[in-house]
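Chemist: Below: one structure in structure tokens.
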Amino acid sequence: MEFKSLRPLTGEGKQLFIETYGCQMNAGDSEIVVSIMQEHGYRYTEDINKADIILINTCSIRDNAEQRIWGRLSAMRQLKKRKPSLIVGIIGCMAERLKEQLIEKGTGVDIVAGPDSYRSLPDLVRTAEDGSKGINVELSKEETYAEIAPVRLDKNGVSAFIAIMRGCNNYCAYCVVPYTRGIERSRDPQTIVSEARTLFENGYREVTLLGQNVNSYSYGEVSFPELMAMVAEISPLLRVRFATSHPKDISDRLLEVMARYDNICKAIHLPAQSGSNEMLKKMNRKYTREWYLERIAAIGRYMPECAITTDLIAGFCGETLEDHSQTLSLMRQVGYASAFMFKYSERPGTFSARHFADDIDDDEKTRRLNEIIALQNQLSIESNQAEVGKIREVLVEGISKRSEEQLCGRTSQNKMVVFDRKNHKAGDYITVKITGCSSATLFGEEVL
Ligand code: 5AD
Ligand code: SF4
């Protein structure tokens, strides 16, 4: 005889809405969360008003990222007034960093789940439905969600992200990531290759292998250059990208593999953070300006056409005007194609918060950041102008924002090109001649 539980053991069609902030890693995690929840009977909705459960996947990298989430939480309390049964969960880095603090003092949060506890989300939801708070912020040494097939939420159907590792062991002085995402662990390469192959078979034409520091990927005999080669071998029609590399260990072996395969894109994101040796040392970056520039030169030797992009921090602890001008001069020397540029934001618990004074006042940080941004604008225009006249292969991503009659897609160097639609569609490879540019976009014409 079969006993029926009084209450369904699964979500039984309850609707889940998920909102994602922060990096690509978080975007990938949200896709894993949806997959786990669907396995338990929950249905994904894109309409927040239909949701029975709202999860907010959060970022802690800078204070303004967290401030945005607090703003969203007050909006959630309004939604709860209309629908008292609504369950609100905070997941991701902010959940890990603030833990119980997120459910204290009338925040309206029912669930708190850190990046390694997503398998327990269905249980946490049930706990919340029973009227208690569901919290799990255990970090793991093994969890990679290796076998979970993410539900693709970003549906351009052409490019997808694949997380190949989790966590970070680098402990850059300013960075909260090692505390919120735990120690580094790599995912079984077979599961990565089979995920990439499935994507390719479903029409995807580009995968980006993701990790906080992909160069330290290591699983059994397989390190990152081998993994890249394994994914590149799936098909010459599958483009392969990766993010992010740490300058201290981007190896010649990797550059050699990148140069060997046409379908490995010629673009490297290599965060410099600063151009001053003094600052790099204080940041615990474990390389010097000279080392960094030598790596840039090595990239040029293997791949003369490789685009280089970076991350930069303005106003780190004790940064002098001379240190700042070293950052500007590094930018000129490298000639970055583009950059993500930030003001230093002190994060509680990090090495720099514990040991150094956050002593550059905010106006001065803003001034330095603006100088960095202005220079980068100029460098981006120069980098785009250098493309004019070149013939490039573009992978079409979809209709251009400007006009229905135009398509947009990227070159191997990761630059966006807009060109006439004709009979082409997303997923096609088109050879174009670059005819013009703005600071953010290239314009091209198909060459037959
Ligand atoms: N303040 C400002 N920027 C930061 N980053 C990481 N931590 C901080 C911080 N505390 C930047 C770095 C990193 C990127 C992801 O975010 O440039 O490469
Ligand atoms: Fe943060 Fe440094 Fe790790 Fe990147 S490498 S996540 S900046 S600690």
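The values are calculated or read from the model by the stated rules, or taken from the named source; none is laboratory data. What you see is a predicted model, and the numbers here were worked out from it, not measured in a lab. Note that each Cβ is placed from the backbone with ideal geometry, even for glycine, and that neighbours are counted across all protein chains shown. We work out accessible area using only protein heavy atoms, side chains counted, and drop any ligands, DNA or RNA first. Shrake-Rupley method; radii C 1.70, N 1.55, O 1.52, S 1.80 Å.
Chemist: Specify the angular offset, from 0 to 90 degrees and rounded to the nearest 10, of the alpha carbon long axis of helix 24-39 from the longest principal axis of the alpha carbons in the chain.
Modeler: Taking the Cα atoms of the chain, the angle to 24-39 is about 30 degrees.
Chemist: Something else now. Considering only the other residues whose Cβ falls under 10 Å of the Cβ of ASP420, what net charge follows from Lys and Arg at +1 and Asp and Glu at -1?
Modeler: Value of the local net charge: -1.
Chemist: Less than 11 Å Cβ to Cβ from GLU66, Lys/Arg counted +1 and Asp/Glu -1: what total charge do the surrounding residues give?
Modeler: Value of the local net charge: +4.
Chemist: Of all the accessible heavy-atom surface of the range 15-136, with the other protein chains kept in place and a 1.4 Å probe, what percent is carbon and sulfur?
Modeler: After summing per-atom areas, the C and S share lands at 45 percent.
Chemist: OK, next. Once both labels are modelled 7 Å past Cα along the beta-carbon direction, what's the ASP359-ARG43 spacing in nm?
Modeler: 6.0 nm
Chemist: On to the next question. Cα-Cα over 31 Å: which of LYS155/LYS286; LYS365/LYS390; LYS99/LYS343; LYS50/LYS141?
Modeler: Table pairs above 31 Å Cα-Cα are LYS155/LYS286; LYS365/LYS390; LYS50/LYS141.
Chemist: Considering the options VAL193, PRO122, SER223, tell which one lies farthest towards the positive end of the dipole of the chain, charges being +1 on Lys and Arg and -1 on Asp and Glu at the Cβ, about the Cα centre.
Modeler: PRO122
Chemist: To continue, here is another question. Could you look at the range 391-446 and say what percent of its accessible area is carbon and sulfur, using a 1.4 Å probe and all protein chains?
Modeler: 43 percent
Chemist: Moving on. Can you give the FRET efficiency to the nearest 0.05 for ALA259 and GLU19, using r as the Cβ-Cβ distance and R₀ = 56 Å?
Modeler: For ALA259 and GLU19, the calculated efficiency is 0.90.
Chemist: Quickly work out the TYR302-to-ARG72 label distance, labels modelled 7 Å from Cα along the C-beta direction, and quote it in nm with one decimal.
Modeler: 3.6 nm
Chemist: Follow-up. Counting only protein heavy atoms, what percent of the accessible surface of the range 154-265 is carbon or sulfur at a 1.4 Å probe?
Modeler: Within the range 154-265, the accessible surface is 51 percent carbon and sulfur.
Chemist: So how much accessible area does TYR171 have, in Å² to the nearest 10, using a 1.4 Å probe?
Modeler: 90 Å²
Chemist: Order ARG68, ARG392, ARG205, most accessible first, counting only protein heavy atoms with a 1.4 angstrom probe.
Modeler: If we order ARG68, ARG392, ARG205 from most to least accessible, we get ARG68, ARG205, ARG392.
Chemist: Return the distance in nm (one decimal) between the two label points of a simple spin-label model at ASN202 and LEU79, each offset 7 Å from Cα along Cα→Cβ.
Modeler: 2.5 nm
Chemist: Given Cα pairs under 8 Å that are at least 6 residues apart, what percent is the relative contact order of the chain?
Modeler: Averaging sequence separation for qualifying contacts and normalising by length gives 10 percent for the chain.
Chemist: Just the number please: accessible area per residue for the chain, 1.4 Å probe, all protein chains included, in Å².
Modeler: Accessible area per residue: 45 Å².
Chemist: Per DSSP H run of n ≥ 4, the term is -39500 (n - 2.57); total these for the chain, divide by its residue number, and report the mean residue ellipticity at 222 nm rounded to 500 deg cm²/dmol.
Modeler: -10500 deg cm²/dmol
Chemist: For the chain, find the longest principal axis of its Cα atoms and tell me its angle to the long axis of helix 189-201, 0 to 90°, nearest 10.
Modeler: That helix lies at roughly 80 degrees to the long axis.
Chemist: Whole angstrom only: what separates the Cα centroid of the range 368-429 from the Cα centroid of the range 284-303?
Modeler: Comparing the Cα centres of the range 368-429 and the range 284-303, I get a distance of 26 Å.
Chemist: Name the most mobile residue of PRO348, PRO150, PRO225, meaning the one with the largest mean-square fluctuation, in a Gaussian network model of the chain with Cα contacts below 10 Å.
Modeler: Result for the chain, Cα springs under 10 Å: PRO348 fluctuates most.
Chemist: For a label point 7 angstrom out from the Cα of LYS433 toward its Cβ, which stretches of the range 400-419 have the backbone nitrogen within less than 16 Å?
Modeler: Only 419 pass the distance filter.
Chemist: Continuing with this model, one more query. With r as the distance between the Cβ atoms of ILE381 and ASN423 and R0 = 35 Å, compute the FRET efficiency 1/(1 + (r/R0)^6) and round to 0.05.
Modeler: After rounding, the FRET efficiency stands at 0.60.
Chemist: Where the centroid of each part is defined by its Cα atoms, how far is the range 31-46 from the range 140-156 in Å?
Modeler: One Cα centre to the other: 12 Å.
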